[in-house]
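The next block holds one structure in the form of structure tokens; read it before the comments.
The values are calculated or read from the model by the stated rules, or taken from the named source; none is laboratory data. On a predicted model such as this, the values are computed, not experimentally measured, just so you know. In this analysis, Cβ positions are derived from the backbone assuming ideal geometry, glycine residues included, and neighbour counts consider all displayed protein chains. Ligands, DNA and RNA are excluded from the accessible area calculation, which covers all protein heavy atoms including side chains. Shrake-Rupley method; radii C 1.70, N 1.55, O 1.52, S 1.80 Å.
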Amino acid sequence: MGGVGQPGGGPGSREGPAPLGAPLPIFRWEQIRQHDLPGDKWLVIERRVYDISRWAQRHPGGSRLIGHHGAEDATDAFRAFHQDLHFVRKFLKPLLIGELAPEEPSQDGAQNAQLIEDFRALRQAAEDMKLFEADRTFFALLLGHILAMELLAWLIIYLLGPGWVSSIFAALILAISQAQCWCLQHDLGHASIFTDSRWNHVAQQFVMGQLKGFSAHWWNFRHFQHHAKPNIFHKDPDVTVAPVFLLGESSVEYGKKKRRYLPYNHQHLYFFLIGPPLLTLVNFEVENLAYMLVCMQWTDLLWAASFYSRFFLSYAPFYGATGTLLLFVAVRVLESHWFVWITQMNHIPKEIGHEKHRDWASSQLAATCNVEPSLFIDWFSGHLNFQIEHHLFPTMPRHNYRRVAPLVKAFCTKHGLHYEVKPFLTALVDIIGSLKKSGDIWLDAYLHQ
């Protein structure tokens, strides 16, 4: 075994892969922590040290996703995001520069080694129970009922004409269909349906592009970051919403610095005006288009164009150009309400702040909670009411969350982790309560500090 950090190992150094058959250099955490800078990123997986500095830009999940784990033990994140570990390890080999010194712990910082070991045993138990294997019939039926709703909405207008009542019914059905499309593409993005990731990606492009008009690459780029570091400022795009809304620790920071771009003590009220109604209609549409153009995702752009072409060709004969545009806006606004309430009821009321460098399981549980299950809620939310299970095991098919839930509860009980389950309406109300609490904290800090 070579000496600690030899050869090289100082800040900014570039370790090449060790020659074949040569002993690997060994490193201490204090050395690894120095390599968490833009253009200089190391991380640890299964006690082996990898220099991802140059390769990060080619990472399929994006450079930000892998970069968020810089100078950390990324073992559990690595296992959580990838189905075929044997295949992915081939890409790690050229990046290997060393391993942790034998006396070094596997995790940096004051993390609970027994908790981490028990979580890995929990994951192995889930694998042994075949809970990562998808029921293709389940997902085929999901796609079938989405297509059936799309057809039903068109038939209502075709048979009954574009009157107010028929238009309202059609808009509601299309909004439900769009909401279910979010859920199905989400499953595909997490590679939880097909064993071959390429099929997941192609199917996601179809659902996200042809059925929704969005970019699959854009969604994965932002959503994988959310899973890697949930509720962490500047790493999770879903909570990096200042200066429009203040969440968690940002309330105190803005108050102390006397920042008042909006009346944040009333953010729980203006949330109803600019949150649920406009997220997908304005924010997502603009962000999605900008991403496709800047990142030159021309295939995604063509898929999105096919959605708009189909929508306008389907409804323009009944409504004309202006009426079809109004129908589209109505569907997007309704869909946006679903998206905001369903996706944020599990996160906004939880801890939101800066990086705490927790282990995988603890970080996911601190940022998520569940909503009481029922057949309707499971379907309506796309099983996102099992947010804890989903965050712990992102690639697990959602129809298996109920089966793994008792194992997760037992794990949380053993280690004193809060496994929170709320009634559906309580979870929705808690979003507003959390916004009001953050606004009040900001006002107190603004006035008195």
Between residues in the stretch 158-176 that are under 15 Å from Gly323 (Cα atoms) and residues that are open to solvent by 100 Å² or more (accessible area, probe 1.4 Å), which pairs lie under 6 Å by C-beta distance while being six or more apart or on different chains?
-> Ser166/Leu160
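For the stretch 50-62, what are the residues that are out of contact with any strand residue (DSSP E or B) (no Cβ under 7 Å at 6 or more places or on another chain) and in a helix (DSSP H, G or I)?
Passing the criteria: Trp55, Gln57, Arg58.
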Any chance you could count how many residues in the stretch 248-282 are free of Cβ contacts under 8 Å to residues at least 60 places away in the same chain, in a helix (DSSP H, G or I) and either of a type in the set (A, V, I, L, M) or open to solvent by 70 Å² or more (accessible area, probe 1.4 Å) (or both)?
-> 6
What is the residue count in the stretch 427-449 for residues that are touching a Pro at 6+ places or on another chain (Cβ under 6 Å) and not small (Gly, Ala, Ser)?
-> 1
Scope the stretch 160-192; condition among the β-branched types (Val, Ile, Thr) and part of a loop (DSSP other than H, G, I, E, B); matching residues | none
Might you check whether a residue that is closer than 30 Å to Leu327 by Cβ and in contact (Cβ under 8 Å) with a residue 40 or more places away in the chain occurs anywhere in the stretch 96-104?
-> no
Inside the stretch 63-110, can you point out the residues that are open to solvent by 10 Å² or more (accessible area, probe 1.4 Å), hydroxyl-bearing (Ser, Thr, Tyr) and part of a helix (DSSP H, G or I)?
-> Ser63
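Here is a yes/no grid of residues against (1) outside any helix (DSSP H, G or I); (2) on the phi < 0 side of the Ramachandran plot; (3) charged (D, E, K, R):
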{"residue": "Ala361", "(1), (2), (3)": "no, yes, no"}
{"residue": "His383", "(1), (2), (3)": "yes, no, no"}
{"residue": "Pro394", "(1), (2), (3)": "yes, yes, no"}
{"residue": "Lys409", "(1), (2), (3)": "no, yes, yes"}
{"residue": "Tyr419", "(1), (2), (3)": "yes, yes, no"}
Those residues of the stretch 46-55 which are in contact (Cβ under 8 Å) with a residue 12 or more places away in the chain and open to solvent by 10 Å² or more (accessible area, probe 1.4 Å), in sequence order | Glu46, Arg47, Arg48, Tyr50, Asp51, Ser53, Trp55
Matching residues, the stretch 288-344, being within 19 Å of Ser167 (Cβ to Cβ), open to solvent by 30 Å² or more (accessible area, probe 1.4 Å) and within 21 Å of the chain's Cα centre (by Cα) | His337
